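Where a number appears in this text, it was derived from the coordinates with a stated rule and is not lab data. Bear in mind that the values here come from a model prediction, so they are computed numbers and not experimental data. Glycine gets a Cβ as well: all are built from the backbone with ideal geometry, and neighbour counts include every protein chain shown.
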Amino acid sequence: MNIHVFASYDEMSKSIAQSIIDFLREKPNALICLPGGNTPLGTYRELVTAAKAGRIDFSRATFVGLDEWVGLGIEDEGSCQHFLYHELFHPLGIKESQIHFFDAKADDLAAECRRIDEVIFRHGSLDLIMLGLGVNGHLGFNEPGVSFENYSHVIDLDNVTKTVGQKYFKEQKELTQGITLGIKHIMEAKKVILAADGPKKAEAVQRAIQGEVTPSMPASVLQTHPNAHFFFDKLAYAKVEGAR
C-alpha cells in the first residue's frame with residue numbers, strides 16, 4: 001500500500017491534484033472516474049487553478065461518473081452530477097462528449113449499468129479512479145455487504161449512507177437506492193486514489209487499511225490493489241496503529 005499522510009486537508013488536496021496532473025501528463029487521453037462529495041472539493045479547485053494556469057490539459061481525457069442517487073439528475077442540487085458539473089466540468093470547459101454519467105432517472109436502470117460498463121470495456125478499463133471513503137467504508141455506493149464481483153449495479157443504500165447523505169441537500173430527501181460502478185471496475189483500474197479527511201473518518205480509515213479484507217468494509221479490498229494510493233490528513237489517520 002502507498003499511504004500518504006498530510007498535516008492538513010489543503011496539503012492533502014494539493015498532493016492529490018498533483019498526482020492527477022502527473023498521471024494526465026503521462027496519458028492525456030486517460031479514462032478517469034472522479035467522485036462527488038466534500039472530500040474531493042479541494043482537489044477539484046486545485047485542478048481548475050492548474051488548468052487555467054496552463055499546467056494541465058483535460059481536453060483529451062474522458063470522464064465516467066462514479067455513482068448517483070437513484071431518482072436524481074444533473075438539475076437536482078445535491079446530486080453527484082450537479083456537484084461535478086458545477087465544481088469541475090463547467091469550470092474546466094469539459095465537453096459533453098467527454099462525459100459519461102449514469103442517468104439515475106431512467107426507466108431501465110439495468111440498461112444504464114450496461115451502457116456505462118460498455119464505455120469502460122471499450123477502453124479496456126479505467127485508467128484512474130479517485131474515491132472518497134464513507135464512514136461505513138463504502139466506495140461509491142458499494143455499501144457494506146456488497147459483492148466484490150460486481151460491475152455497475154443498482155444497490156439499496158445502507159442506513160448510514162441515507163442519514164449522512166442528507167447533508168448534500170437543502171431539504172430532506174428520501175434516499176433509497178444508488179447506481180454505481182462496482183468493485184470490479186475499481187479493482188481493474190490502473191491506478192486508484194482513496195482520500196479521507198477529518199476525525200469522523202478515522203475509524204473507517206483504520207479498518208480499511210489495517211482490518212480484515214471483507215465485504216462488510218468495502219474499502220478494505222483496496223489493500224489488495226497493486227497500485228492503490230491512500231491520501232489522508234492526520235485527523236483521519238489518527239487511529240491507525242503506529243500512526244505518526
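Assorted remarks:
- Taking the centroid of alpha carbons for each part, the stretch 1-58 and the stretch 213-228 are 22 Å apart.
- Mean residue ellipticity (222 nm) of the chain, computed from DSSP H runs ≥ 4 via -39,500 (n - 2.57), nearest 500: -8500 deg cm²/dmol
- Phi-based couplings in Hz for the stretch 126-141 (Karplus 6.51, -1.76, 1.60; Gly and Pro marked x): 5, 7, 9, 10, 9, 9, x, 10, x, 5, 9, x, 6, 10, x, 10
- Within a straight-line Cα-Cα reach of under 18 Å, residue 167 can be paired with the following lysines, leaving aside sequence neighbours fewer than 8 residues apart in one chain: 200, 201.
- Length-normalised contact order for the stretch 2-233 - Cα pairs under 8 Å, 6+ apart - percent: 24
- For residue 36, net neighbour charge (Lys/Arg +1, Asp/Glu -1) across residues whose Cβ lies under 9 Å away: -3
- Applying both filters, DSSP loop and at most 14 other Cβ atoms within 10 Å, to the GluC sites (Glu not before Pro) of the stretch 90-192 gives 149, 171, 174.
- Charge tally around residue 112: other residues with Cβ under 12 Å, Lys/Arg +1 each, Asp/Glu -1 each, net -4.
- Relative to its residue count, the chain spans a Cα convex hull of 116 Å³ per residue.
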